[in-house]
Structure formats: C-alpha cells, structure tokens
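What follows is one structure encoded as structure tokens, with my remarks underneath.
Quick note: the coordinates plus some simple rules give every number you see, no bench work behind them. Small disclaimer: the values here were computed from a predicted structure and weren't measured. Counting neighbours? That spans all protein chains shown, and the Cβs are built from the backbone with ideal geometry, glycine included.
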Amino acid sequence: MFNTILVANRGEIAIRAMRACREMGIATVAVYSEADKHALFAKYADVAHCIGPPPTSQSYLMIDRILDVAEKTGADAIHPGYGFLSENSVFVSECEKAGIVFIGPSSKSMEASGSKIAARKAMEKAGIPIIPGISAGIDDPESTLDDAEKIGYPVIVKASAGGGGIGMKIAKNADELRNAIDSTRAVAESVFGDATIFMEKYLHQPRHIEFQILADSHGNTIHLNERECSIQRRHQKLIEESPSPVMTPELREEMGRTAVLAAEAFGYTNAGTVEFIYSDGDFYFLEMNARLQVEHPITEMVTGLDIVRRQIRIAAGEELDRRQEDITINGWAIECRINAEDPMNDFAPSPGRLTRYRSPGGPGIRVDSGVYMGYTISPYYDSMVSKLIAWGEHRIEAIERMRRALYEYVIIGVTTNIPFHKAVLGNPHFIRAELTTHFIDDFNIPAEVATVVEREKVKGATLASAISADDRKVAAITAAVQTYMSGST
C-alpha cells in the first residue's frame, strides 16, 4: 500500500480523496494555486505546496510542477480527482516515466478511451451499439453534409477530445451544420488543443444513463449499476439519481454486461464510467469517462461501497474484493450540484465571499463540500459549492429528503442555483420520472425557477433580519463577557 498520495486537484473532490487516504492511514499532499491559499482542501492535507498563480494554465495544469512536488514530498502515487489533468494521457505517461503510480487507467487505455472517434471505432469492433454517425474526423464540410442527409437531421457536432458538453452544437439543417462545424472546431482547438471534430445523429427524447465500472489488474471487471443523468443544461449534468427510474432487471443486466465489455475492450483498469444514450427502448454507447465522476456519491449511497478506497487499492495492485453477484441496490439516491451561479441569468457564475453558510443534515443527507463561512468562491475555477446527496428507501422518500435539505441550505453572499433544484424537485413531471435530456426546455423550468426566486426573496429578507438580530445579540453578549473578564463594573 502507498505511504503518501498527492492529490492533483482542488475543492471538494480533493477533500473527498484525502478523506479516503486518512481512513487508510495514508499521508496526503495538496497542491494549490495562489488563489486557493486559504482553501479548505489545502488546510486538510498533511502537506500543501503552492504551484503557481490562479490561472489553471499556470498552476493546476502544470505537469512539471506537480511532479516536482511529488518528488520533493516522496509521494508514491497521485490521485487526479476529476477535471484538470484527470483524463490527460500525457500526464499519466509522465507519471509512469517518473515511477509514480497514477490512480486511474494506464496512459494506453486512456488514449484509447479519450478520443471519442477512437472510442467509436473500438466499440464498433467489439460489437457494441453506437449512435449512428461518422467514425472519422470532419475534414470536408461539404461531404459531411451528404453524410448528414443519409443519417437524417438533426445531428450533433462534437469535439473528439472533449467532454462535459463543451463545444457541442446541434444542427437541424445544412446551414446550421456548416455553422456548427466552424463553431465546434474553434472551441475544440481553443479548449482541448485538438481541432478534431465528428458528427452523430441527435436522438429524439433521449435519456442519459451511465454505468459505474471497477476493473483491477487481475482481469476482474464489474459494474456498480447505473445512474440516471438526464437533467442537463447545454449537455452538462445538474441532477443525477441512482438507480434509473426507467430500468428493469433485464435492461440492467444487458446494459451492465455491455458496459463491462466496453471497459474490457479498452483494456481498462481502476474506476471509470461507461455512458449510454437510451431512446425508444434502445441504448447506444456514448463515451467512456476514464476517471471518477462528480456523481459517484449516489452510487456509493445505494451500494454501500467506497469507490475512492477501491481506486486506491486497485492502483496498489490489489484484487477487487467484490464479484458482480455481490453488488446490490439498497434504496434510492439523488445528487444536486450546488453551484454559485445565477439560474435567472443563464446560469452565469456568481463568485464572491460566503458571508453565511450552513449546510443541511439529518437522516439520509450527505454534503461533499470544500467551502466554509468566509470562504471566497473564486472566478478562476468551477463554481461548485457542494454536492448535496439525499438517500431514501425509495425514490419518493429520496425526493422528499432532498427538498427538505434544499430548504435547510443557507448560503448568503453569492447567488446559487438552489432555486433551480427546488423547481425541478417540485415539478410533477420529475416526480413521475418523465425524464429526458430536454427536460428543462420541455417543461419550462426557467419559469418555475422565477417563481421560486420570488418566494426566496421574501424568505431572504426575513432571514437577513433574523441574522442581523442575532449579530446584535452576539455583539452584546461578547461585550458583556469582555467587561466581566476585565474586572470592570
């Protein structure tokens, strides 16, 4: 087992990885930018090193600096979290050259799964269903128009090296496709440093369902069942749940078996996620995420398994301690991503200082967070405040607990997307599990968010008044104590 693990990430996911290490008796090293000097994750680690200015290109993406810290601190492994360098095969390769264990797949399997075009080809070869499209990069836009006619509009243009919905464009006709090709190619070059793009059929009323995978170096690969991730905006997930409401035992067995075959086709080891699009009774391979997912806690809640601990043990060469028949589902879990962003302004980031912060608790509630009262949400990074998870014996209980937890959550100083989550969790179509990736538009959620925001203004004014009164009481008590302690009368 490892003695020291460097966590090459920040925020709540860095703390999540460090908590697993602490439970396992493994020392931790944090790397942080100048903007994160006072961040909770930097204080939580046993050792913390500054690696540069706030921009990610000068800090969290600096492979040489991270490996230098690993060498200086004697770290024998690196946990990448998610985002940043977590799916960067060059980083994995450099770790391998330096003799430092990367807690994730090998550079070879990451390269195979990291390119969406290469992944499509690998799945075709393995006989796994893929979305109709072209398994090659777009070189000639005009010939692509012919392909689109054969596939049938609408189509979607994607970056081959991308993720998180970045740069994706939907086209309903030839003119829109020409614009989509130019736009997506520009974004792909700018964000991922790779202008390779491709095209797929855009499916009608799809659901986004993914399977959590664990694979060791001894030839064992299992899945931990599925997560429903259909509540999205601009192809980015906002609310996830496990299990999926659409799942049957027969469909779960078939999709789970396909997910395992996909992972094995990539020669995959460690934790990963095989993502599918489900539409009209059929499912298609979408992509493989070669890392831990933001929504992994809901799988942990319903399986009782600590995925991060198993990531570490697999990377240390240990064999999986579970077989497929050991994996069961207990209850239902839902996750809301609580972000500092304005749902009334196209979810624009809302950085700032948290003047008040109180997270919810009680039965079935888990909060993974990296903030505290007085902490400043930086404009340089993702605006996530926390991952809020609710567990119940069944779906309705999980929804009820999540609604209660959202009501309890107090965040003052920044605008958050809590009103959005309240609107969705209270929507009758969500309660009836009528979910697709078009949910927000189909059921006019922005209008419901506006209603919630108006109610929140009244509640906020009342809360501010109460806080002001509490502050005056605290100030009076503090003054009285200080007077008493000084011996004055």
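At-a-glance table
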read-out: Cα centroid separation - region 365-395 against region 270-328, whole Å; value: 21 Å
read-out: Label corresponding to volume of the Cα convex hull per residue in Å³ when calculated from the structure given, among (i) 177; (ii) 226; (iii) 160; value: (iii)
read-out: Cβ-defined net charge surrounding Asn220, 14 Å radius [Lys, Arg +1; Asp, Glu -1]; value: -3
read-out: Taking Ile431, Ile66, Ile411 and counting other C-beta atoms within 10 Å, the order from fewest to most; value: Ile431, Ile411, Ile66
read-out: Residues Cys21, Cys336, sorted so that the one with the fewest Cβ neighbours within 10 Å comes first; value: Cys21, Cys336
read-out: Ranked list, fewest to most other Cβ atoms within 10 Å of each Cβ, for His49, His438, His394; value: His394, His438, His49
read-out: Span from the region 6-80 Cα centroid across to the region 174-189 one, whole angstrom; value: 37 Å
read-out: Value of D in µm² per second that Stokes-Einstein yields for region 207-451, Kirkwood Rh from Cα pairs, at 20 °C (1.002 mPa s); value: 115 µm²/s
read-out: Spread of Cα-to-Cα distances over 5 Å intervals beginning at zero, given as percent, for region 250-304; value: 4, 16, 25, 26, 21, 7, 0
read-out: Region 132-201: Cα Rg divided by the 2.2 N^0.38 Å rule of thumb; value: 0.97
read-out: Debye-sum result for region 4-103 in log10 I(q)/I(0), which assumes one identical scatterer on each alpha carbon, at q = 0.21, 0.23 Å⁻¹; value: -1.02, -1.25
read-out: Cα-only radius of gyration and Dmax that characterise region 21-170, units Å; value: 20.0, 59
